[in-house]
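Report on the following structure.
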Amino acid sequence: MTSNGAVVLAIGTKKGLWLASSQDRKSWELSGPHFLMYEIPSIGIDTREGRTRIMVGVTSEHWGPTVAHSDDFGASWQEPDHGAIRFPDDTGAALARVWQIKPDSADRPGVVWAGCEPISLWKSTDGGEHFELNRGLWDHPHRAEWGAGYGGAAAHSVAPDPTDPQMLHVAMSTGGVYRSTDGGGSWQARNTGISAYFLPDPNPEFGQCVHKIARDGEVPERLYAQNHHGVYRSDDNADTWKSIADGLPSDFGFVMLTHPRAGGTAWVIPMKADGERIPPDGRLAVHRTDDAGNSWRRLDNGLPQAEYNTVLRDAAAVDEADPVGVYFGTRGGDVYASSNEGEGFDHVVGNLPDVLCVRAAVVGDR
């Protein structure tokens, strides 16, 4: 058993959800598939208020997308009769996909954020059962010019500030990073220093294809970004960004993870240029920094020496145990877990459908 209790690992794929549990983060008991033949692009695990609620964004080709939740580790699932996320009639829009489910901080119980397609931000105050559209972002004058990335028009990152309930960042592909300093009432583009080399103006106010952002675990005004070519850090709540890609084998990728407590510690999983989207030289590795991106260390102990599948932006996660666990899955259906912050990895499961989303949480004894 970890010093923190059992860990639950949720794995969302192209064709369903699998749940795994472990006492030592070495051996895993697997259940599933849940929602067989449903796409699971997003998962949130909420351990606040003395319970464990697993929320999943599910997409059915027949029934469409919604958010379902379970309070009994997948034994049963619930969703509102008319869907958890519904666009108001006056928007003329319909939900296409739930890209992100993000529980807020411990002192804001019940608050859960969702990032969706079409690009939009939603807030729940009842633990993810019902969501309300954030009108400030939806009515933003830039919205008509936000484009779709290769996977779709995604509001894929939601980063609330744990120390300031008025400070909130979102990132979208394509559009870049936006910040609110009034709890989501208004939004400003914050992309200075992030390159959009594919545009006529490589340094626009917005339009960057940011793949993922994450907030530092100790310094809340510090954020990290994995861009479509480019790895960046901001030390001023995204007012400005600077490159921290030196020392990485590639500045392309999708994943950006941060340590839940230790400042300056982050993980990325580099991929080759967008034309190939494989690990550099076909050798899969996680790279970790402990000094906010000033240097990086390659971590591949336990990983295959030949791997040609991509790791998608939300197919990676950390837990809050000590030491922190690091998890990721590939589009080839393999899932790996590290119980020691990436120093060594174990194979959790293989031969799953494309892994789209991975989330892990310490849940106490099971």
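Read-outs throughout are calculated quantities, based only on the coordinates presented, and are distinct from any laboratory measurement. Remember, predicted model here, so these are calculated numbers, not experimental data. FYI the Cβ positions are ideal-geometry reconstructions off the backbone, even for glycines, and counts take in every protein chain you see.
Summary table below
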item: Reachable lysines, given that their alpha-carbon falls under 25 Å from the alpha-carbon of residue 123 and they are not under 8 places away in the same chain; result: 102, 212
item: Residue order, fewest to most beta carbons within 10 Å, for 101, 194, 278, 85; result: 278, 85, 194, 101
item: Label-point separation in nm, residue 139 to residue 203, each point 7 Å along Cα→Cβ; result: 3.4
item: Within the stretch 41-195: Cβ-based charge dipole about Cα centre, in debye rounded to nearest 20 (Lys, Arg +1; Asp, Glu -1); result: 440
item: Choice from 102, 123, 242 showing the highest fluctuation, given a GNM over the chain with Cα pairs closer than 10 Å; result: 242
item: Karplus-derived HN-Hα couplings along the stretch 73-82 (A = 6.51, B = -1.76, C = 1.60, θ = phi - 60°), whole Hz, x at Gly and Pro; result: 6, x, 5, 8, 10, 10, 7, x, 4, 9
item: Shape category assigned to the chain from the gyration tensor of Cα positions, a/c cut at 1.5; result: rounded
item: About the Cα centre, charge dipole magnitude for the chain (Lys/Arg +1, Asp/Glu -1 at Cβ), debye; result: 520
item: Protection proxy ranking, peptides 286-292, 165-171, 208-214, average beta carbon neighbours within 10 Å, highest first; result: 208-214, 165-171, 286-292
item: Rounded to whole Hz, the Karplus (6.51, -1.76, 1.60) HN-Hα couplings of the stretch 328-336, x for glycine and proline; result: 7, x, 10, 6, x, x, 9, 10, 10
item: Karplus 3J(HN,Hα) series, Hz, for the stretch 209-216 with 6.51 cos²θ - 1.76 cosθ + 1.60 (x for Gly, Pro); result: 9, 6, 8, 6, 10, 8, 8, 4
item: Selected from 62, 347, 229 as most flexible by GNM, with the chain as the system and alpha-carbon contacts under 10 Å; result: 62
item: The stretch 143-294: C-alpha gyration tensor shape, a/c 1.5 cut-off, then a/b vs b/c; result: oblate
item: Under-5 Å amide H pairs with residue 132, H placed in peptide plane, nonlocal only; result: 123, 124
item: Global form of the stretch 196-285, assessed from the alpha-carbon gyration tensor, a/c cut-off 1.5; result: oblate
item: The stretch 51-71-the stretch 123-189 distance, computed between alpha-carbon centres (Å); result: 20
item: Among 341, 29, 132, residue whose mean-square fluctuation peaks in a GNM of the chain (springs only between Cα atoms under 10 Å); result: 29
item: Expected 222 nm ellipticity per residue - DSSP helices of 4 or more, -39500 (n - 2.57), all of the chain, to 500; result: 0 deg cm²/dmol
